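Scroll down for the structure; my scribbles are underneath it.
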Amino acid sequence: IGYTKWFYNKVDAIIVPTNPIKKLLESYGIEKKIIVIPNGLETGNYRKVRKRGKIPILIHVGRLCKEKQIDIVIGAFGKVLERAECRLVITSDGPDRRRLEALVKSLGLEGKVSFTGYISDNAIRALFKKADALVYASETETQGIVAMESMMFGCAVIVPESLGFKDAVKNNFNGFAY
């Protein structure tokens with residue numbers, strides 16, 4: 001916190017994507033002007049046309065790295081399978097992919113969890129249309145754009161009660177925060 005306070009108090013103004021991030025910086029004792037400018041989403045490409053299948057699909061959209069805590073998503077998915085038939089699709093790629101694939105294998109979840117690797121924006125949109133819920137465990141998000149994109153397709157979101165999702169996800173209203 002000390003370095004953050006020192007650094008940010010040397011600038012003229014700070015731009016952040018959400019109000020919770022602004023409040024966090026203010027709590028650090030930053031005295032400079034903090035301006036909230038959300039990252040925009042191109043809404044013209046989104047349609048709430050749902051194409052659900054017989055088996056519910058949960059998705060994780062994002063880089064495969066430790067800070068995204070995808071291992072928590074996979075572990076929780078194993079518990080969900082004890083109660084309901086469903087699938088988990090994990091998109092993108094990253095330095096944690098091999099470890100996560102090994103975790104899936106060690107938990108006996110092969111065939112229930114699939115890794116897509118990098119896919120196009122159109123392919124991600126198609127997944128949002130088919131998915132029943134976006135599941136996320138990362139508590140380091142600053143804005144939670146993926147949750148907003150998911151909701152634009154009418155896809156439920158299940159996310160942690162962290163700063164990046166507080167402006168977008170209202171628990172039991174447009175998603176579920178845990």
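The values are calculated or read from the model by the stated rules, or taken from the named source; none is laboratory data. As the structure is a prediction and not an experimental result, all values here were calculated from the model. So basically every Cβ, Gly included, is an ideal-geometry build from the backbone, and we count neighbours across all protein chains shown. These accessible areas exclude ligands, DNA and RNA; they are computed on the full protein's heavy atoms, side chains included. Shrake-Rupley method; radii C 1.70, N 1.55, O 1.52, S 1.80 Å.
Would you mind telling me which numbered condition in (1) open to solvent by less than 50 Å² (accessible area, probe 1.4 Å); (2) farther than 20 Å from Thr142 by Cα; (3) at pLDDT 95 or above Leu64 fails?
(2)
Name the residues in the stretch 95-108 that are out of contact with any Gly (no Cβ under 6 Å at 6 or more places or on another chain), surrounded by fewer than 17 Cβ atoms within 10 Å (Cβ to Cβ) and not in a helix (DSSP H, G or I), would you?
The answer is Pro95, Gly108.
Tally the residues that are assigned to a loop (DSSP other than H, G, I, E, B) and without any contact (Cβ under 8 Å) to a residue 24 or more places away in the chain, restricting the search to the stretch 57-82.
1
Of all residues in the stretch 110-139, how many are of a type in the set (Gly, Ala, Ser) and outside any loop (DSSP other than H, G, I, E, B)?
5
Quick one: what pairs do we get from the stretch 118-136, first residue of a type in the set (Asp, Glu), second open to solvent by 40 Å² or more (accessible area, probe 1.4 Å), C-beta under 7 Å, 6+ apart or different chains?
Asp132/Arg52; Asp132/Pro56
Hey, can you tell me all the residues within the stretch 10-19 that are closer than 24 Å to Pro38 by Cβ, free of Cβ contacts under 8 Å to residues at least 60 places away in the same chain and open to solvent by 40 Å² or more (accessible area, probe 1.4 Å)?
Listed by number, the residues that qualify are Val11, Asp12, Ala13, Ile15.
Which of the residues spanning the stretch 148-178 are aliphatic (A, V, I, L, M), part of a strand (DSSP E or B) and surrounded by fewer than 22 Cβ atoms within 10 Å (Cβ to Cβ)?
Ala156, Ile158, Ala177
Looking only at the stretch 20-33, which residues are more than 22 Å from the chain's Cα centre (by Cα) and either open to solvent by 90 Å² or more (accessible area, probe 1.4 Å) or among the acidic types (Asp, Glu) (or both)?
Selection gives Glu26, Glu31, Lys33.
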